[in-house]
1. Can you name the number of the only condition in (1) at pLDDT below 90; (2) surrounded by 10 or more Cβ atoms within 10 Å (Cβ to Cβ); (3) over 12 Å from the mean Cα position of the chain (by Cα) that residue 51 fails?
2. What's the number of the condition residue 46 fails, among (1) closer than 12 Å to residue 103 by Cβ; (2) touching a His at 6+ places or on another chain (Cβ under 9 Å); (3) modelled with pLDDT under 90?
Amino acid sequence: MLRCNKGGTPDTAGNDRHPMTDQTTPPEVAAAASRPVSLSLSDLTLIGTFTGPEGGRALIRNPGGEIVQVTVGDETPAGTVVVVAETHLLLVRGTESIVLPLPDAG
């Protein structure tokens, strides 16, 4: 990681610090962030969810490998997004409801 000192010059010292906050990443956070998670390459996969002023959004990986951002009302290969929750997406295809959970990071 590259950070800048107060004069704006790149500073390679303290590479374990976040460049914007100058805080050290706790070891347990670094370990969790670098834990490998196996994602299915042939299925629709939920990568992550986030919220903002416009409502919930999610990143999904399509079976073809493309990563796209979706929100309520968007069409996916598995159905229409009807709910973006913290831990999952709810999709509807016809009369079928499909819960697409976040991958288990454990």
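The values are calculated or read from the model by the stated rules, or taken from the named source; none is laboratory data. This one's a predicted model, so the numbers in the text were calculated from it and none came from an experiment. No Cβ is skipped: glycine too gets one built from the backbone with ideal geometry, and neighbour counts run over all protein chains shown.
1. All conditions pass for residue 51, except number (3).
2. So the condition that residue 46 fails would be (3).
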